[in-house]
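The values are calculated or read from the model by the stated rules, or taken from the named source; none is laboratory data. Computed from a prediction, not measured in an experiment: that's the story for all the values here. Ideal geometry is used to build each Cβ from the backbone, glycine not excepted, and the neighbour counts take in all protein chains shown. With ligands, DNA and RNA removed, areas are computed over all heavy atoms of the protein, side chains included. Shrake-Rupley method; radii C 1.70, N 1.55, O 1.52, S 1.80 Å.
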Amino acid sequence: MGSLPPSHLDITKENLETLFKSQQDLLNHFFKHLSLSQILSFSRLLLSTSGTVFFTGVGKSAFVAQKISQTLISLSFPSSFLSPLDALHGDIASLSSSDVLVLFSKSGATKELLRLVPCAKARGVFLVSLTSVPGNPLAGLCDMNVHLPLERELCPFDLAPVTSTAIQMVFGDTIAVALMAARNLTKEEYGANHPAGRIGKSLILRFDHKVENVKDVMKKKDELPVCKEGDLIMDQLVELTSKGCGCLLVVDEGHRLIGTFTDGDLRRTLKASGEGIFKLSVGEMCNRKPRTIGPETMAVEAMKKMESPPSPVQFLPVVNEDNTLIGIVTLHGLVSAGL
């Protein structure tokens, strides 16, 4: 750990509350003074573009431009970030007359962008400036301008770009969602663009035959912690703890599921019964109405069922049509599969 700050330095709850309220007020100014007609024209332009939507900016605005571009790419929109410096040293060749170039600039007076404009125009690209200072030179040079209303920066000197970049990000992300809705992008299409992590796994598992259904991730046969309802609880402790499921699956002679007995049930029984637990059978204390699931159900649905009210569970017995036990799917197993 680093050293503690000097005792005279501090951030109070009141300071933070004041700052967040001030930022909220500044963002509300942005929303209140937005021109919906400008936004509509900009959104329709991006939606109808046959080429690539390029984003550019300098400094903090460049980070916003890259982020918005990456968001559009993840939504299946052709997009790319164009560095103004790199563009002036060869990358300008990536622009064509079917493309749109969106320039983020708070002041609209950024020299690198002003130098880029005539070069981009020479290639026939459609130019859009997103600026916050009225009457700026960049807006006058572009084919379209969208004014992003900014009262001031939250910075006490009104210099550090903290509110202006927040506005740019909110604007860009909201436009991205509008385009997403206009294109009717489906969950499956979105998931196909995110094959790694929980977002993609939860959507793409249904297309991957190896882990499509519950039967592909469930434990079965000798992996199951099975017992009969007449078995004494104390005789089944090894079975309860050794299979890594956190429960016993209670079945009848036909291997049909009767109920479940969890390690939580064990603790509650021991607390309530004391030494009497040595005489109790599993069947006397088991849950006879456990949540279950079928083997052909999608794995992602098993996760949802585990997390559903009234309280989450860590496992689901897997049964067929006549309630015969064929497996168990656990939360750990689903997470290991990538959900």
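Quick check on the chain: helices-only [θ] at 222 nm, where DSSP H runs of length 4 and up contribute -39,500 (n - 2.57) each and the sum goes over total residues. Nearest 500, please. Mind showing how you got there, number by number?
On the way: 14 runs with 141 residues, N = 339.
Value at 222 nm, helices only: -12000 deg cm²/dmol.
Using a Gaussian network model of the chain with C-alpha springs under 10 Å, which one of Ile39, Ile326, Ile277 is most mobile by mean-square fluctuation?
Per the Cα network of the chain with a 10 Å cutoff, Ile277 tops the list.
Computed from the coordinates I sent, percent of Cα pairs over 30 Å apart equals one of [x] 25; [y] 45; [z] 58. Tell me the label.
Computing percent of Cα pairs over 30 Å apart and matching it to [x] 25; [y] 45; [z] 58 gives [z].
Which residue, chosen from Met169, Val251, Leu232, occupies the Cα position most advanced towards the positive end of the dipole of the chain, where the dipole is computed from +1 (Lys, Arg) and -1 (Asp, Glu) charges on Cβ about the Cα centre?
Of the options given, the answer is Met169.
So, in Å, what gap is there between the alpha-carbon centers of the stretch 22-70 and the stretch 209-286?
56
Please report, in debye to the nearest 20, how large the charge dipole of the stretch 90-131 is about its Cα centre when each Lys and Arg carries +1 at its beta carbon and each Asp and Glu carries -1 there.
Details: 5 positive and 3 negative charges, 33 e Å.
About 160 debye.
With +1 on each Lys and Arg Cβ and -1 on each Asp and Glu Cβ, and nothing else charged, work out how big the dipole of the stretch 23-177 is about its Cα centre, in Debye to the nearest 20. Write down the numbers at each step before the final one.
Numbers: 10 positive and 10 negative charges, 34 e Å.
Charge dipole, the stretch 23-177, about its Cα centre: 160 debye, nearest 20.
Quick one: of Lys32/Lys106; Lys221/Lys289; Lys32/Lys121; Lys21/Lys60; Lys32/Lys187; Lys187/Lys215, which pairs are farther than 28 Å apart, Cα to Cα?
Values: Lys32/Lys106 18 Å; Lys221/Lys289 22 Å; Lys32/Lys121 33 Å; Lys21/Lys60 23 Å; Lys32/Lys187 32 Å; Lys187/Lys215 23 Å.
Check vs 28 Å cut-off fails for Lys32/Lys121; Lys32/Lys187.
Could you sort Asp265, Asp25 by their accessible area in this structure, using a 1.4 Å probe and putting the largest first? Don't jump to the answer; show the numbers that get you there.
Details: Asp265 30, Asp25 70 Å².
Highest to lowest solvent-accessible surface, that is Asp25, Asp265.
Using the crude model of +1 on Lys and Arg Cβ and -1 on Asp and Glu Cβ, and no other charge, please compute the dipole size for the stretch 116-194 relative to its Cα centre, in debye to 20. Before the final figure, lay out each step's value.
Working: 5 positive and 7 negative charges, 55 e Å.
The dipole magnitude comes to about 260 debye.
Under DSSP H, which helices of the chain have Cα atoms covering 20 Å or more of the helix axis and a Kyte-Doolittle average no less than 1.0? Kindly include the intermediate steps, with their values, before the conclusion.
Values: long enough: 13-33 (30 Å, -0.98); 60-74 (22 Å, 0.37); 163-182 (28 Å, 1.32).
What comes out of the filter, once short or polar helices are dropped, is 163-182.
In Å², and per residue, what accessible area does the chain have when probed at 1.4 Å with the other protein chains present?
On the way: 18530 Å² over 339 residues.
Roughly 55 Å² per residue, with all protein chains present.
Any idea which of Leu19, Ile326, Pro149 is furthest toward the positive side of the dipole for the chain, if Lys and Arg beta-carbons carry +1 and Asp and Glu beta-carbons -1?
Positive-most Cα among the choices belongs to Pro149.
Among DSSP beta bridges whose residues both lie in the chain, state the antiparallel percentage, nearest 5.
If I count the DSSP bridges inside the chain, around 40 percent turn out antiparallel.
Calculate what fraction, in whole %, of the accessible area of the chain sits on carbon and sulfur atoms when a 1.4 Å probe is rolled over the protein chains.
On the way: 10670 of 18530 Å².
Ligands and nucleic acids excluded, carbon and sulfur reach 58 percent.
Please list, or write none, the lysines whose alpha carbon is within less than 16 Å of the alpha carbon of Lys279, excluding same-chain residues fewer than 8 places away.
Filter leaves Lys228, Lys271.
Between the stretch 299-339 and the stretch 113-141, what is the separation of their alpha carbon centroids in Å?
The distance from the Cα centre of the stretch 299-339 to that of the stretch 113-141 comes to 56 Å.
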